[in-house]
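Notes follow the structure.
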Amino acid sequence: MNYQTIGSTEYEASRIAMGVMRMAGKTRDEARDIVQTALNCGMNFFDSADIYGAGESSRVLGQALHDLGVARDDVILQTKFGIAPDFTGKRNGIYDFSRDHLLSSLEAELERLQTDHVDFVLLHRLDALCDLDELGDTMAHIVDSGMARHIGVSNMGPWSCEMLQANLDQKLEVNQLQFGLCHAGMVRMQMHEKMEDDAAADRDGGALSYAQLTGMTIQAWSPLQYGMFAGTFIDNEQFAELNGVLAQIAEERGVSKEAVAIAWILRHPARMQVISGSMDPERIRAIAPGADVELTRQEWYDLYIAAGNDLP
Ligand SMILES: NC(=O)c1ccc[n+]([C@@H]2O[C@H](COP(=O)([O-])OP(=O)(O)OC[C@H]3O[C@@H](n4cnc5c(N)ncnc54)[C@H](OP(=O)(O)O)[C@@H]3O)[C@@H](O)[C@H]2O)c1
């Protein structure tokens, strides 16, 4: 497993982190097995959110870490807040960056995770009604009181980051964004800049360049999915050409296709971290070697094209 610094912090995190969005519903034994497998593979970073399984994912993760006797300082814990869903399912809920909501959400997360602090807390999606002064005070309180060591955002473009940053005492260290071979708009847009085709459409305001300029770490979520949780592209006949190239490189490198797809993300000079969501111990073991594969320039572009992207 290779490791990387997160933003400008003191943290050295595994380049592949485990995301626990899909951990709710796992039994205590299953969760222990999943978390032990991740640790054995060198993963030391776990990403959750207050909304995953209505809090259940964090609770199952916290219990598994406790059951395994993992020392708090041996893992890096991250959670996200700011989305206040309506768990009755009648509507999507609201986004809420108010002090009351953020503090009560984080307190509940710390209890579920069985810890007194998280290492990183991210604002999940921008609340249109955010009071910037109130948010600045709240985030300062969260860090000063020791509830979280560092802060970041998720799903935000540069101008939202700048707007928030101007009102925050702490640097935004992380931006969690969807990125992968079948969600490659961030790099495709850069290479199509100034063209009149759809691929030139700027959907994130240049989040990738911004992260490289500011030293924020991009965390790539849903690295093996296409669409918004539509399914995986691995072994999916809709992506036959991509699977062919993945299989060829996987065979040459002696790793799985999943590992090659992860290596494609890690090859980018922005030094993104991957948030992998597999809950299958066998697949986790197949994914982890992706952190140690360095793709050639040719291989990276071959995969980019095979995924249905083009170059002008
Ligand atoms: N910030 C945000 O807004 C946001 C949004 C979504 C997610 N996230 C974070 O990103 C993490 C990862 O998201 P994700 O779970 O969507 O990522 P992912 O790693 O792309 O997808 C994992 C899912 O794909 C399945 N899968 C992978 N390879 C497969 C294969 N070869 N065949 C069949 N199924 C396969 C896995 O099944 P198995 O479990 O059986 O392996 C699992 O259900 C989340 O846990 C969360 O922490 C953040």
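Read-outs: derived from the displayed coordinates by stated rules, not from any lab. From a predicted model like this one, the values you see are computed outputs, not experimental measurements. Neighbour counts run over all protein chains shown; Cβ positions are idealised from the backbone, glycine included.
Summary table
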quantity: Trypsin sites (Lys or Arg not before Pro) restricted to DSSP loop in the stretch 51-97 with at most 10 other C-beta within 10 Å; calculated: LYS90, ARG91
quantity: Whole-Hz couplings from phi, Karplus 6.51/-1.76/1.60, listed for the stretch 188-197; x for Gly and Pro; calculated: 4, 4, 4, 7, 9, 3, 6, 7, 9, 8
quantity: Extension reserve of the SER209-THR5 stretch, reckoned as 0.36 nm per residue once the Cα distance is removed; calculated: 71.6 nm
quantity: Most to least packed among 252-265, 120-133 [average Cβ atoms within 10 Å]; calculated: 252-265, 120-133
quantity: Sequence ranges 159-167, 288-296, ranked by mean other-Cβ count within 10 angstrom, highest first; calculated: 288-296, 159-167
quantity: Low-density loop positions, GluC sites (Glu not before Pro), the stretch 1-73 - DSSP coil, at most 11 other Cβ in 10 Å; calculated: GLU10
quantity: ASP73-ARG99 FRET efficiency (beta carbon distance; Förster radius 35 Å; 0.05 resolution); calculated: 0.75
quantity: Of GLN78, HIS101, TYR210, farthest towards positive along the dipole that unit charges on Lys, Arg, Asp, Glu beta carbons give the chain; calculated: GLN78
quantity: Listed residue (MET147, HIS192, PHE46) projecting farthest to the positive dipole end of the chain, Cβ model; calculated: PHE46
quantity: FRET efficiency, ALA230 to HIS141 (Cβ-Cβ, R0 41 Å, nearest 0.05); calculated: 0.55
quantity: C-alpha center-to-center spacing [the stretch 248-312, the stretch 50-116] in angstrom; calculated: 29 Å
quantity: Other-chain or far-sequence residues with amide H under 5 Å of ILE151's (modelled H); calculated: VAL121, GLU173
quantity: Length-normalised contact order of the stretch 1-67 in % [C-alpha pairs under 8 Å, at least 6 apart]; calculated: 37 percent
quantity: Whole-Hz couplings from phi, Karplus 6.51/-1.76/1.60, listed for the stretch 288-305; x for Gly and Pro; calculated: 3, x, x, 5, 9, 9, 9, 6, 6, 4, 4, 4, 4, 5, 4, 5, 4, 5
quantity: Per-residue HN-Hα couplings for the stretch 198-204 [Karplus 6.51, -1.76, 1.60; θ = phi - 60°; Hz; x = Gly/Pro]; calculated: 4, 5, 7, 4, 8, 9, 10
quantity: Cβ charges +1 (Lys, Arg) and -1 (Asp, Glu), total dipole of the chain, debye; calculated: 400 debye
quantity: Percent antiparallel among DSSP beta bridges (both partners in the chain, rounded to 5); calculated: 20 percent
quantity: For GLN273, distant residues with modelled amide H under 5 Å away; calculated: ILE218, GLN219, ALA220
quantity: All aspartates and glutamates inside 12 Å of LYS257 as judged from Cα atoms, apart from same-chain residues fewer than 8 positions distant; calculated: ASP235
quantity: Sequence-separation-based contact order of the chain, relative, with Cα cut under 8 Å and 6+ spacing, percent; calculated: 18 percent
quantity: Shape of the stretch 3-306, Cα gyration tensor, a/c cut at 1.5; calculated: oblate
